[in-house]
Amino acid sequence: MAISRGASALVVLCSVLVLAPCTAAKKPLVPAMFVFGDSLLDVGNNNHLANCNISCQANYPRYGIDLPSHNNKPTGRFSNGYNLADQLAQKLGFAESPPPFLSLSKSNASVFTGINFASGGSGLLPTTGIQACGQVFPMSEQVGNFKSLVGRMYGIGVKLISESLIFISAGSNDLFEYAEFAVAHPNTSRNDTEFLQGLITSYASYVKELYAAGATKFSVLSPSLVGCCPYQMKVGEDSRDLDQYGCFRLANNLSKQLSPMIALMLQDLSMELPGMSYSLGDAIVMGEFVFSFSGFTLNHACCGEGKFGESLCNSTVPLCQDRSSYFFWDRFHPTDAASAITANELFSDASGSFVHPINVQQLVAPRP
């Protein structure tokens, strides 16, 4: 990883730490935003899953403690405040993420400004998250419901979807489960390449389905250093498999192998599918940069008991006072201060250090 690719990038990233919260622009840069993926982007879909267990929900205090637009109450976001879906939506000119799909029957929100399909615990594979969560809203169903929705919009949806942004962050939970299984069953043979290629096959099929439904603009965030979340740090420590960051080596190695595979997949699809364009956020490089230069507290969760925030993040456990100085909110997820950095780089990285071939601002710009 070429950390030296820009002192300017360091200035950009560090400056984000002191930026004021985003505010909505008068006119959004896209007509709508449709969000797919896991708990980094979930804004409440898991609240509506009857068999989803509490460890895969975020609808109780202390979640949302810094979310003034919702009276500092939990909404299903796995964060102390806004999450990455909200923050990228704000960059586009919306007030926050579009509403969760599974809430639409109880909401008057217009589907014409977007929907968030993301579900905590879900992955690229349909079985991911079932054992840990009991029930999730998998990517296959997220995409399937989007297609059904577009089909019911008849002709009015074609132009809307083609001009809207598709935002995807998926794959981390697949890596979590695979790495943890490998540790728990050390004598079981495994083929990492075959597993990762299976993820890419699934990922490509979802992108193609979204494209077939009319989507043309894709913002994709690759899984980051998944072995560096507090929960995985503990797995690495217990299994004596730590890397230079003190993180779970196996999980991070899988992330590092998957990232270029996603990049090649998107490059190939953009040549195969006429009119498709994309912006890929390299979360591996972002993560390595943050771990090297950010100044965040990295090895402790803000909310939870013990060194790694092993417990659920609820009103009975310790809570850090300066959330803006912590990278991790709970044992899996970033604080809103940390995810704001990612949103800023996805939207406006001009150096090419973290986002390529173009940033989201360029992706959504009117075409000549």
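The values are calculated or read from the model by the stated rules, or taken from the named source; none is laboratory data. Nothing here was measured: the structure is a model prediction, and the numbers come from that model. No Cβ is skipped: glycine too gets one built from the backbone with ideal geometry, and neighbour counts run over all protein chains shown. Heavy atoms of the whole protein, side chains included, go into the accessibility calculation; ligands, DNA and RNA do not. Shrake-Rupley method; radii C 1.70, N 1.55, O 1.52, S 1.80 Å.
Condition check: assigned to a loop (DSSP other than H, G, I, E, B), at pLDDT 50 or above, out of contact with any Lys or Arg (no Cβ under 7 Å at 6 or more places or on another chain) and under 30 Å from Ser292 (Cβ atoms). Does Leu40 satisfy that?
In short, yes.
Of the residues that sit in segment 166-200 and are charged (D, E, K, R), surrounded by fewer than 24 Cβ atoms within 10 Å (Cβ to Cβ) and in contact (Cβ under 8 Å) with a residue 40 or more places away in the chain, which one is farthest from Ile130 (Cα to Cα)?
Across segment 166-200, the extreme among qualifying residues is Asp192.
Among the residues of segment 298-354, how many are in contact with a strand residue (DSSP E or B) (Cβ under 7 Å, 6 or more places away or on another chain), under 19 Å from Gly120 (Cα atoms) and assigned to a loop (DSSP other than H, G, I, E, B)?
Total satisfying the criteria: 6.
Confirm whether Met139 is in contact with a helix residue (DSSP H, G or I) (Cβ under 8 Å, 6 or more places away or on another chain) and modelled with pLDDT under 95.
no
From the list Glu177, Glu237, Glu163, which one is over 23 Å from Leu264 (Cα atoms), among the charged types (D, E, K, R) and under 19 Å from the mean Cα position of the chain (by Cα)?
Only one candidate qualifies: Glu177.
Which numbered condition in (1) within 25 Å of Gly114 (Cα to Cα); (2) among the charged types (D, E, K, R); (3) free of Cβ contacts under 8 Å to residues at least 24 places away in the same chain is the only one that Asp243 fails?
Looking at each condition in turn, Asp243 falls short on (1).
What's the total number of residues in segment 217-256 that are touching a helix residue (DSSP H, G or I) at 6+ places or on another chain (Cβ under 6 Å), open to solvent by 10 Å² or more (accessible area, probe 1.4 Å) and polar (S, T, N, Q)?
Going through segment 217-256 one residue at a time, the tally reaches 2.
From the list Gly295, Gly275, exactly one residue is within 20 Å of Pro357 (Cβ to Cβ) and surrounded by fewer than 16 Cβ atoms within 10 Å (Cβ to Cβ). Which is it?
Gly275
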